[in-house]
Amino acid sequence: MSKELLAKLNQKKEVYRKWKGGQATWEEYRNVVRVCRDARRKAKAHLELNVASDVKDNKKGFFKYISSKRKTRENVGPLLNGVGALVTKDAEKAELLNAFFASVFPAEASPQESQTLEAREKVWRKADFPLVEEDWVRDHLGKLDTHNPWALMGCTHECPHSLRYFYTGVSEPSPGLPAFVAVGYVDGETIVHYDSETRRKVPRAAWMADNLDQQYWDHKTERCKNWQQIFHVGLDTLQKRYNQSGGYHTVQGMYGCDILENGGIQGFEQYAYDGRDFLALDKDTLTFTAADAGAEITKREREAAAEAERWKRYLETACIEELRKYVKYGKATLERRERPAVQVSGKESHGLLTLSCRAHGFYPRSIAIDWLRKGRVQAQETKRGSTAPNSDGTYHAWASIEALAAEKDEYQCCVEHASLLEPGLFSWEPESNLLPIVIGVVIAALIIVVVIASFVFWKRRSGKAPGPVHRGEEGGVRSIRAGSGPSLAAALRVLSLISIRCTGQWKMRPAWRRGCP
């Protein structure tokens, strides 16, 4: 962590204390939070690029590093160009490193395939790391992970509202798998759905159904039917172009637009064939980026028809207007804030500890879960799961890390979310060893209560007054009158006090702590 970033974080903590004490306004605190958030993201992106540059000189760790990137396909956020300036154009550039790691391997080699040492050395020589510059980013704009819609579905903190449409066409439909499906999302929430079996575009959000009339749905249905025909023809064309006589093939498309936190806008359009990137729009140059020779034909056809200009106009006008309208309709749902419930767990095996941090029930979708060691983010060592929806409209996500069991106290999970004024820090606290003792005490107390209750019941049935038996000074036995000894209710009260006192020593409750770096 640089001194400059550390100073900004300390300033944020100071302004937060002033705001809590009424000495600073909410806007002042919010501005400081934004500055720190941007600085932290830029630092993470810069660190990622440095690691990628250094690891290429270490053959021992190179393939392991690249393999982990290819499997997680994580989004690294903002990027820097060759002179160190922040790249702000084209949202797809946030996927740069995904394409960067994929481009390291030629088509005939993959880190997931078993490779001999000779094969690995060959790949090493053939695929060197290029310089990461803005022009190179634009050339790789079409090489994105289009078959993973969750990668581009939601917004980052810099993109408060987004509109996404995902279209999929298949060559061999089957029951439950229509030939064409179209789904729309606003801020990650499903709003519309169309498929070739129902041939109707229908709302999937109550606030869409309440605010749009039948004429709107009829118009959108006709447009989806047109898209269905386009995808059907496109599948036939591409199968012939790639000399494929039959079999299962897919065409996927996605496009959308964003309203940024600073009031700016952005948009994209791209396609994939059989899970591989095919074509992508470059709004800056009004051209299309082709992923292979087959896509070059489509690129020339679309550019000759001036489709780049038409798509740019749509993404910057009509798409943004639709997004603003939908956000207005669903404001109560889309702008709600629900705090994540965070659970940290650990599993130890042979001296190695796997720590997992899980966040549940949060909204909106965007969340950052990081593992820290001694206050430093462990980006490379952290494994992440995708942010997935729950049945109630909220989301869940997780991140895990492996550590030495002896170093468990050095690790903390940091959670950042729009519902939290400050990031939360969570540590793993193993269950107390008192638990077996507490369970034994409770069981023994229950047995005592059962014995007392049975004795009282037997005495009443026999018509004798219940009372405890005491031994006299001379060894004789005498009985105390009823009412002078402990009752069943008193025994139950004693039991409850024992349970509360015992369980209070080991029961842990989650608590939010402040101050993620």
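The values are calculated or read from the model by the stated rules, or taken from the named source; none is laboratory data. Keep in mind it's a predicted model, so treat the numbers as computed, not measured. Cβ placement follows ideal geometry from the backbone for every residue including glycine, while neighbour counts extend to all protein chains displayed.
Matching residues to (1) crowded, with 17+ Cβ neighbours inside 10 Å; (2) in contact with a helix residue (DSSP H, G or I) (Cβ under 6 Å, 6 or more places away or on another chain); (3) at pLDDT 75 or above; (4) not basic (Lys, Arg):
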site: 19; (1), (2), (3), (4): yes, yes, no, yes
site: 24; (1), (2), (3), (4): no, yes, yes, yes
site: 37; (1), (2), (3), (4): yes, no, yes, no
site: 45; (1), (2), (3), (4): yes, no, no, yes
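Name the one entry in 393, 346 that is under 23 Å from the mean Cα position of the chain (by Cα), part of a loop (DSSP other than H, G, I, E, B) and touching a residue at least 40 places away in the same chain (Cβ under 8 Å). First the steps, then the outcome.
On the way: 346 fails: part of a loop (DSSP other than H, G, I, E, B).
Answer to the selection: 393.
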Residues in segment 198-216: is at least one out of contact with any helix residue (DSSP H, G or I) (no Cβ under 9 Å at 6 or more places or on another chain), in a helix (DSSP H, G or I), farther than 22 Å from residue 333 by Cβ and not aromatic (Phe, Trp, Tyr)? yes
Looking only at segment 225-261, which residues are without any contact (Cβ under 8 Å) to a residue 40 or more places away in the chain and either over 22 Å from residue 294 (Cβ atoms) or among the hydrophobic types (A, V, I, L, M, F, W, C) (or both)? 225, 226, 230, 233
What residue, among those in segment 290-330 that are in contact (Cβ under 8 Å) with a residue 12 or more places away in the chain and among the β-branched types (Val, Ile, Thr), is farthest from residue 187 (Cα to Cα)? 297
Would you call residue 326 outside any strand (DSSP E or B) and in contact with a helix residue (DSSP H, G or I) (Cβ under 9 Å, 6 or more places away or on another chain)? yes
Could you please find all residues in segment 370-395 being at pLDDT below 90, hydrophobic (A, V, I, L, M, F, W, C) and surrounded by 14 or more Cβ atoms within 10 Å (Cβ to Cβ)? 379
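Please work out which residue is surrounded by the most Cβ atoms within 10 Å (Cβ to Cβ), limiting yourself to segment 242-270 and to residues that are assigned to a loop (DSSP other than H, G, I, E, B) and under 22 Å from the mean Cα position of the chain (by Cα). Quick ask: steps written out before the conclusion?
Taking segment 242-270 as the starting set, the residues that turn out to be assigned to a loop (DSSP other than H, G, I, E, B) are 242-249, 260-264.
Narrowing further to those that are under 22 Å from the mean Cα position of the chain (by Cα): 260-261.
Working: 260: 17, 261: 14.
Looking at residues that are assigned to a loop (DSSP other than H, G, I, E, B) and under 22 Å from the mean Cα position of the chain (by Cα), I get 260.
Test residue 218 against the stated conditions and say whether it is modelled with pLDDT of 50 or more, surrounded by fewer than 13 Cβ atoms within 10 Å (Cβ to Cβ) and farther than 30 Å from residue 246 by Cβ.
Numbers: modelled with pLDDT of 50 or more: yes; surrounded by fewer than 13 Cβ atoms within 10 Å (Cβ to Cβ): yes; farther than 30 Å from residue 246 by Cβ: yes.
It is true that residue 218 is modelled with pLDDT of 50 or more, surrounded by fewer than 13 Cβ atoms within 10 Å (Cβ to Cβ) and farther than 30 Å from residue 246 by Cβ.
Starting from residues that are among the hydrophobic types (A, V, I, L, M, F, W, C) and either over 19 Å from residue 251 (Cα atoms) or not assigned by TED's automatic domain parsing to the domain that holds residue 241 (or both), keep the ones in segment 288-310 and report whichever is surrounded by the most Cβ atoms within 10 Å (Cβ to Cβ). Walk me through it before giving the result.
Going residue by residue through segment 288-310, those that are among the hydrophobic types (A, V, I, L, M, F, W, C) are 288, 290-291, 293, 295, 297, 304-306, 308.
Subsequent filtering for residues that are either over 19 Å from residue 251 (Cα atoms) or not assigned by TED's automatic domain parsing to the domain that holds residue 241 (or both) retains 304-306, 308.
Values: 304: 8, 305: 10, 306: 10, 308: 19.
Looking at the filtered set, the residue picked out is 308.
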Which one of the conditions (1) surrounded by 15 or more Cβ atoms within 10 Å (Cβ to Cβ); (2) more than 24 Å from residue 280 (Cα to Cα); (3) modelled with pLDDT under 95 does residue 128 fail to meet, given that it meets all the rest? (1)
Against the condition of a type outside the set (Phe, Trp, Tyr) and either touching a His at 6+ places or on another chain (Cβ under 7 Å) or touching a residue at least 40 places away in the same chain (Cβ under 8 Å) (or both), how does residue 424 come out, does it pass? yes
